[in-house]
Each structure stands twice: as C-alpha cells, then as structure tokens.
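Taking it in order: structure first as structure tokens, then the write-up.
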2 protein chains.
Amino acid sequence: MLLIKELDKSKVGESISLAGWLRTKRDSKGGFSFLEINDGSSFKGIQVIADQNLDNYDDVKSLHTGASLKLTGKLVESPGKGQSFELQAESILIYGNTDQSYLLQKGRINFETLRESAHLRCRTNSIGAVMRVRNQLSKATHDFFQNRHFLNLHTPIITASDCEGAGQMFQVTTLDMDKPPKNDLNKVDYKKDFFGKKTHLTVSGQLNGETYACGLGRIYTFGPTFRAENSNTSRHLSEFWMVEPEAAFFELEENADLARDYLKYCFKSVLETSADDLEFFDQRIEKGIITKLETLSDAEFTRITYTEAVKLLEKTDKKFEFPVKWGIDLQSEHERYLTEEIFKQPVIVTDYPKDIKAFYMKLNDDEKTVRALDVLCPQIGEIIGGSQREENLDLLLNRMKTLDLNPEDYSWYLDLRRYGSVPHSGFGLGFERLVQFCTGMSNIRDVIPFPRTPKNAKF
Amino acid sequence: MLLIKELDKSKVGESISLAGWLRTKRDSKGGFSFLEINDGSSFKGIQVIADQNLDNYDDVKSLHTGASLKLTGKLVESPGKGQSFELQAESILIYGNTDQSYLLQKGRINFETLRESAHLRCRTNSIGAVMRVRNQLSKATHDFFQNRHFLNLHTPIITASDCEGAGQMFQVTTLDMDKPPKNDLNKVDYKKDFFGKKTHLTVSGQLNGETYACGLGRIYTFGPTFRAENSNTSRHLSEFWMVEPEAAFFELEENADLARDYLKYCFKSVLETSADDLEFFDQRIEKGIITKLETLSDAEFTRITYTEAVKLLEKTDKKFEFPVKWGIDLQSEHERYLTEEIFKQPVIVTDYPKDIKAFYMKLNDDEKTVRALDVLCPQIGEIIGGSQREENLDLLLNRMKTLDLNPEDYSWYLDLRRYGSVPHSGFGLGFERLVQFCTGMSNIRDVIPFPRTPKNAKF
C-alpha cells in the first residue's frame, strides 16, 4: 500500500492500493460517486471514482464522512481542477463506517469544541496540518543539532533538586496521600517515599545538560518540562516540550549565532517541506504567514545590548503601559516595538541587568550586567532565552550568596567549576511557541496533541 | 574552533584551534611535553606537543588530568603509532585546572563509584562512549521513522487514566501533603488538586498514540515513561525512554517487518558511525560485540508462532527452571534457548495466548490467541513487544468485560472503533535496553545520563 504523500505523476497508469478515511462524497446520477480520501500523510487527499461495476457500490454509497477504506485501482490523470491525478477504483474494502453521532461531519467546528475531542481532532484539516508541521519542526530540530555535532541528551524528568527556581513544581510521590507516614514532627516522612526524599517534575534540563556539555562538548535536550502555575491563558501549558542546547567553549556570540541559525533552519525546513499545510494556514489562520517565514529565513537578526534597547525605547514617542527605564524587565509591548517598529525583524538583545536574570549567568566586567540573550520575534516577543554561564567558581559563589542560595544544594553543579571549568553557553526554546509561530495558531492548546492545563488532564 | 571529530588528514599543515580536557600528560626531559586532549566529540583524542617556546610552559607543566584548555597551533603528521596527526602547540590558553580532590585522575574507576558522580562520569572513556552511541541510536530512531513517513508524536506525560494497567504508577500532585484538603468521606479531595482529579506519570504512550495513528496514519513516540516498582536490579529503571510506533493499516506481518527493519537499521547505523566507540566496547566490555552487531544487521529474524515455539521447547532435552507448556508466559531462559540454541539469531514470536497478553490485542479466529509479537534477541530475550490492535468494537468490549474493565474509562479509546475503525498495529521498545545491547553495558544505570531508581534521584 502507498501513502497519498508518495503519489506523483510518475505513477499515473499504475495499479495501486491506498487506504484512508472518507472526507466527502458526491453521488452522481450517472451511477458513479466521487470520494475524497485523506490518509493523514499530507494535507491533500485524493479523489477516487467509484462506480456500479464495484460489487459493493450500494455499500459505498451509504458511507458517511469518516468511514475507513482500502482502495485499489488505477491512478489516472485527472480532468478536474486543482488535482493532477485521481484513482479509478476497481475494489473498495470498507473497514468501518461512522454514524450520525460522529462529531466531525457537521461542517466547520471551532477549536474549543475540537479540544474536547482531542482524540479525534487530528482528523481535521487544521489540527492535521498543525501536527505535520510540528513533526517537521521536531525533525528539523534533531537534524540541525546533529549536523552540528550536538549529542541528543535525555536529562531526567523526576528531580530531587527543588532549587531550579524557574517556576512552581509538581510533586511526584508513591506515598498513600490519605495516610502518609509521618515523622517525629508530624510532617510527611519523605524518607519513606519512593526516592527517599521529596521529588518533583523538572522545570528545565539545563543544569543537568551543563554537566554533559562540560565533558562531551555539545549536547541538546528535547523533552517535556512542567510548570504547576495556575495560568489559564492561551499561552501557557502545564506540560510542554523544550529544546535546550548547551555547548562547551561557546561564548555569548557563538550562542547568539546558534540561536539565529537554529530558528532560520526551522523556518526554511517548514517552507521547503510543508507547502500545502502552510498554504492552509496562510488562507485560514494567519494571512501572510508564508511571506513572514520567508522573510525571517533570510533576516539578519539584529543584535543590540539591553542598554541600547532601553535607550532606543526611551527615545520614542510611543506611550507604553509599562514605562521604560534601565533595570526593568522588558515587557511584551517593548519587545514587539523593538522588532515590529524599530528593526522590523528579529532582534537578539544581550547583556541584561543581573538583577532580573538567573544566578548562573556570567557576570560582565561592568559587574552590573550578565551575558544573557533573548531572541525576540515580531508578534510574539521572546522565543528564545539563554546565556553564557558563569564558569568562575568564586563569582558564582558570590552571586549565590547574594541570592541566599545554599552552595551545598548545588555541589555537583559547582564541581563543573572546580574541575576543568570551561566557558559554556546555551539557551532554551519552548517548542510549542515555535509551532505556534510557524502555524499562526493563536491558542497553544491547539499545537500539542493532548494539552495539560489547570483542571484538565483528559485523555 | 574545530572539534577533534572534524579533523582529518586534509587539514595537516593548517593552523587550527581546538579546545578540550587534558587526559594524560608526559613531560620529557628535553623541555617538551605530550598532552593527550579529548573534547568529547569522539573516542579518540589528539596528541599535542607543548614546549618551552610557550610563554606559559611552566603553567602547562603544572596541569592535572581534567584541566581545560584552548590550543592553537599547526596540525602535523605524527610519527607516533596509532595516530595519524598531532598538534604542535603555538599557544595554550588554560581555562581551568583540577586538584588532588578530582575523582577522575586515579586510574580506572569502577562503574558503581562513577554512578555516585554521575555529573562527572561522562568525562570517562566508557561513559563518554556509551553516551555517543546512545545519541547515535536516538538519531537512528528519528531517521528511520521519519524516512518511512512516521510523524514524531509527543504524547502526554501526566495522565489521569489510571487504567493503562502496565505497572505501578507515580502520583503527581500540587496538594500540600502535610495538610491535604479532605472530602466528606475524610479522603483526600482530588477535585482540589491541580488537574481536578488524581493524576499519574504515564507508563506508555500507546493508547494516545493510537488516536493519532487513526487519523494521521503513522506516528511514533520517543519519550520518557515511568514505573514505580520497587525493583532494585541491573535491568530496571524507574524512569526510562520508550520508542512506540503505531501505524494505521499495518497488520501483524507489516508490524513484524517494521520491528525487524528498525533494529537492523539501528545496528547498521552504530556500526557505520561509531567504530571507535564500538572498538572500545569490544575490547573492554563485551568481547565480540562488533561481530554480533554485524551478524544481526544481516539476520533474517526467524518468525514462529508461540504455539510452534512451545512445541520446539517441549521437544528439547534441556531442563528449564520453569517447565514449558502451552499457556505459560515465556521466561528469559526459554527466550534465550530459542534464539541462542535453536535458531542462533533473533526470533519474532507471534500469536500468544490471549490470557497472558493485554486486552487491546486483536483476537485471532481461534479465539485462543491474539496477534501479539515479541522480538527476542540472543543474550537479552525480549527487546520489543507489540501487537495488532483489536479494531472490532464488539470484540474489544467483550474482552474488557471479561477482564472487568469499565468501558466508560475508555470511551475515547473505544471511539476509535466506533468511527472509521481501521486495522492498526504498533510496538514498544525500551530504549535503554537497546543501548545496553549495542554497548554491552551490563547495568542499565550506566546507559542513561542520570538514572532514577528506588531511593535514588540524585542530580
């Protein structure tokens, strides 16, 4: 059996078999029917002509949208518009039909309703296209980093360090929560828990990733991460996938190059492989998205420091909701103004004030800023955040002291600075944000197969 | 800067820069030193000649194993054995040294000790080689399935179905375990938990994967899965990565072909790309592993039914610890006898008794066996388990009734059989078992970066 994706003009004239699901059916009075079949392998389906010569033509005529079929016949040139070939069916095997209770036959359905049937929604044009593009971005991610000799690293999901500090965490336990064992202080006795201590789901693989970069050179993680924040917005998931490369001997400049090249590689990859899916997004979801991705594939990605960015923002006449001054965290409105109004392309902002960034970022000589970088894109603002890491043990210990972090909790992380410390850098990208950016989908819940959000872990 | 992996004879004569860690140093009386440098990009390092012309030669002489350096100089042909070129250093930048407290300078260290320093162990020959092979197997997995038009699918990690039945599960919560909210029955009130119900970590992405296969055709997952079993063995992890392809319109035969082709692709890929790492395993970890992988890359993978396998085992004179008769689950000793003694190659056993297999496997016409398959390999026994899935709604409901499963808990799974049901099949492979098989490492904790096992979630 062939996939619809595998068909091309060279196969015209051949006898082939296909299988898929019925999208639409038109019965003609002349004793034949047009079946539009899709098998999920590509946006486009194929038109199949069924006629009374089929043994089971009456059964075929009674099929509903969503019925599953195996079709055998001859691939012929099509006289119809918008398709170059069609299948003249010689036999149709009916695997299964549907009935009136099937959700996906009632015309266009809004995304909210589809989300309630997340097990069926991949059968629609829109979610099918999203998931193919998501797959392409996953493939591009692996290809890009493998080509540059980054090793795919599987960092742990369950972690006993509650010190990552990047957000609220989910607890993982095997204790009986109705009757947990208690210690002398009448608190839950985590020594009796599965791992012998309190454990959580990871919020980032970075610290673990650094350990392997400081030995194998270049690594990247691509795995699930978790936030137990009660944010019920179209931009937040409780479970999402992150891409986190980390490279020994990369300083801030190489890190910025890597981030830019990675994004451009992703955009190009989608443009080259997913034309039909993008065409759909361009028509129905975000007008102009193809031009946007083409433009970004060739963009320079302007680089400026945070200090320069603040000066530029202070100079404009634009009234921001949050007034700009040196020291503030840039808000979405500022990020968008930089990319959309001033530079009209992505901007990599570097060297942020140390007080608004994480403890592990490398201190600049000015002792006020750190070697952080954010990649800002039009429409969405920050898509990548990263930094060169502090490789100097004393400076890192100083910084931890200021922030009241206990060095003992980080002894293994500090060992990287004790033994053969090297300059190294990395960044993180929220994979679903990238999928949103490349599809135009406005709700993040529609770009992951089964979204997890507050009060929702269905399927 | 170049990676050591990127060096070849064509660069001899060029001035280049490298960076890495010092593995060994030999100071000659003639006023020069040989430094063996490794950067993690390949098993082989490079020999660097440093001499008194360097400004900081005295500092270089005081370096310990593990020191981190940037080296600039000319790549020259090497007179030494076992290396074709070496670097004549013109400058050496010392990033960091180590001291006597550094674990990795004291000769060969056993794997148990290394496990206690999982943040440093990737700097050793053995674990470095394991992690490069692991990466190669990850790359091969993505390449294999992408080439065959399988979409990479990210199935959820947090799940509210406690009905997967494949093993004990970890609970995920944000409730305060010291003072959880209680309901009228004085039980923990999970309505107040983050997701509004009791949730766990997934034990398999299969059921979710089926939903997407029954719409997009071919998918594969490659993600972490969890077992809360208190098994402290060299074969079990509490957190491990699984590869689970699922394909619409694949019956048992195509599923077996896919499993065989996937394994052979992995073996070939490692042989082609990881010669130096495999050489090390062949010498130090498992004699003959290269020949083993070469043989398996060309093996036929014999197929027999469970019933035939039982007959063959009953006929032998071999005394098994667990006597063989139709209906038993095959034990490791039986699996190994089949592959190592009878067939001397991998064996795909199909059509197991329904009572020892999962509810979702397709019933054969004999009503006694199901379309299950296990791929058995010499040494390790089962490496892949899978099946064709039951696509007939009534048969599936019957089976669930027999097993006292509540159809309401599976309504979305049953929908796949209600609406356009299709024959479909898939399998699961425990990724760490594959890495063990391709490296010869005997303890599964040494083939994953940071192992999670009972009482251990360090780092």
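Readers should treat all values here as calculations from the given coordinates under stated rules, not as data from a laboratory. In this text the structure is predicted, and so the values were computed from the model without any measurement. Counting neighbours? That spans all protein chains shown, and the Cβs are built from the backbone with ideal geometry, glycine included.
So, R0 is 56 Å and r is the distance between the beta-carbons of A:Glu340 and B:Glu314; what FRET efficiency does that work out to, to 0.05?
Using R0 = 56 Å, I get an efficiency of 0.15.
Rank these for me by crowding, A:Ile380, B:Ile157, going from fewest to most other beta carbons within 10 Å.
Placing the least packed residue first, the sequence is A:Ile380, B:Ile157.
Exceeding 29 Å between C-alpha atoms, which entries from my cross-link table qualify? They are B:Lys187/B:Lys357; B:Lys5/B:Lys292; A:Lys29/A:Lys74.
B:Lys187/B:Lys357, as the Cα separations exceed 29 Å there.
For B:Glu300 paired with B:Asp404, estimate the spin-label separation in nm (one decimal), with each label point 7 Å from Cα along the Cα-to-Cβ line.
Taking the simple label geometry, B:Glu300 and B:Asp404 are separated by 4.6 nm.
Taking the number of other C-beta atoms within 10 Å as the exposure measure, put A:Thr225, B:Thr72, A:Thr316 in order starting with the fewest.
Lowest count first: A:Thr316, B:Thr72, A:Thr225.
To the nearest 20 debye, what charge dipole does region B:4-96 have about its Cα centre, counting +1 at the Cβ of each Lys and Arg and -1 at the Cβ of each Asp and Glu?
With only Lys, Arg, Asp and Glu charged at Cβ, the dipole is about 320 debye.
At 7 Å along Cα-to-Cβ for each site, give me the label-to-label distance between A:Glu367 and B:Thr273 in nm.
4.8 nm
Between the label point of A:Asn183 and that of the same position in each other copy, find the distances and list them shortest first in nm, with every label point placed 7 Å from Cα along the Cα-to-C-beta direction.
3.1
What's the long-distance tail for the protein assembly as shown, i.e. % of Cα pairs beyond 45 Å?
That tail contains 33 percent of the Cα-Cα pairs.
Which distances, shortest first and in nm, link A:Ser15 to the matching position in the other copies, using label points set 7 Å out along Cα to C-beta?
Copy-to-copy label distances for A:Ser15: 7.1 nm.
Report, in listed order, any pair from A:Lys44/A:Lys70; A:Lys198/B:Lys191; A:Lys268/B:Lys9 with a Cα-Cα distance greater than 26 Å.
Over 26 Å Cα-Cα: A:Lys268/B:Lys9.
Simple spin-label model, 7 Å along Cα-to-Cβ: B:Lys5 to B:Glu254 in nm?
3.5 nm
Sorting A:Met361, A:Met131, A:Met177 on the 10 Å Cβ count, fewest up front, what's the list?
Listed from fewest to most nearby Cβ atoms, that is A:Met177, A:Met361, A:Met131.
Taking each label point as 7 Å beyond Cα in the direction of the beta carbon, state the distances from A:Lys61 to the same residue in the other copies, shortest first, in nm.
Label-point distances to the other copies, shortest first: 9.9 nm.
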